[in-house]
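Before any comments, here is the structure.
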């Protein structure tokens with residue numbers, strides 16, 4: 001079993017056993033003692049995560065749970081998950097990044113966003129292919145998306161957008177219309193969103209994930225964008241963002 005497959009298996013079991021079934025003992029085994037937490041809703045360290053899992057274990061479970069949407073993308077020490085779940089009667093879209101060291105999860109970032117009932121593009125925030133083709137990182141796809149984000153999203157060189165993106169782009173960000181024009185208009189409207197710095201780019205097969213920071217309506221925010229590449233162009237995009245709260249239960253920051 002290669003590293004990507006092994007790490008994905010651990011993360012999948014973490015969701016199924018630790019979160020879904022309340023198996024705290026399993027979580028103790030796969031979380032490193034030096035665990036670093038960036039989620040704004042969980043206290044610092046391994047003990048903070050175990051406290052949150054113990055709280056989740058006490059919550060009522062659905063009588064007939066359905067299989068959640070889950071897409072896993074892995075490269076090297078990182079596994080990205082793109083999931084959907086119901087919390088407090090609201091459907092959420094979530095991106096998590098897990099960093100591994102010596103076979104255990106040692107660091108975690110996330111962002112959670114409400115899924116609206118309507119969108120500008122008519123597509124669900126969470127659908128499309130869940131399975132990522134095996135074969136490891138596609139360097140050309142990763143380079144394409146890195147340049148797209150740095151030149152267009154951060155650099156705002158909108159005249160270069162058609163170098164990287166298909167004219168028939170399928171969009172899942174609910175605030176963006178389908179097609180290259182919808183994305184161009186969204187980025188051009190700096191009043192709503194501005195992208196300032198790319199932190200990580202993680203790719204596997206045709207999927208590439210960007211973790212970035214910027215501002216959403218002048219508030220500091222984290223952005224997670226997932227792109228699917230086909231024949232040298234981005235053909236599909238999913239996005240989750242979250243504003244950074246002024247106070248968090250740790251001093252690690254969200255990004």
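Points to keep in mind about this one:
- Comparison of 98, 85 shows that the only residue that is without any contact (Cβ under 8 Å) to a residue 60 or more places away in the chain and under 25 Å from residue 252 (Cβ atoms) is 85.
- Total residues in the range 185-219 satisfying the condition of being over 17 Å from residue 151 (Cβ atoms) and surrounded by fewer than 16 Cβ atoms within 10 Å (Cβ to Cβ): the figure is 7.
- Scan of the range 26-45 for residues that are more than 12 Å from residue 252 (Cα to Cα), surrounded by 20 or more Cβ atoms within 10 Å (Cβ to Cβ) and either in contact with a strand residue (DSSP E or B) (Cβ under 6 Å, 6 or more places away or on another chain) or in contact (Cβ under 8 Å) with a residue 40 or more places away in the chain (or both), ordered by number: 31
- Within the range 152-255, strands (runs of 3 or more DSSP E) holding 2 or more residues that are within 26 Å of residue 78 (Cα to Cα) and within 16 Å of the chain's Cα centre (by Cα): 193-204, 207-216, 219-230, 233-243
- Subset of the range 1-33 [farther than 16 Å from residue 56 by Cα and not in a helix (DSSP H, G or I)]: 1, 2, 31, 32, 33
- Residue list for the range 46-70, filter: at pLDDT below 90 and either crowded, with 18+ Cβ neighbours inside 10 Å or under 16 Å from the mean Cα position of the chain (by Cα) (or both): 68, 69, 70
- Filter result for residue 142 (free of Cβ contacts under 8 Å to residues at least 40 places away in the same chain, surrounded by 17 or more Cβ atoms within 10 Å (Cβ to Cβ) and under 20 Å from the mean Cα position of the chain (by Cα)): no
- Filter result for residue 122 (out of contact with any strand residue (DSSP E or B) (no Cβ under 9 Å at 6 or more places or on another chain), assigned to a loop (DSSP other than H, G, I, E, B) and surrounded by fewer than 17 Cβ atoms within 10 Å (Cβ to Cβ)): yes
The values are calculated or read from the model by the stated rules, or taken from the named source; none is laboratory data. From a predicted model like this one, the values you see are computed outputs, not experimental measurements. A quick note on method: Cβ atoms are made from the backbone with ideal geometry, for glycine too, and the neighbour counts reach across all protein chains shown.
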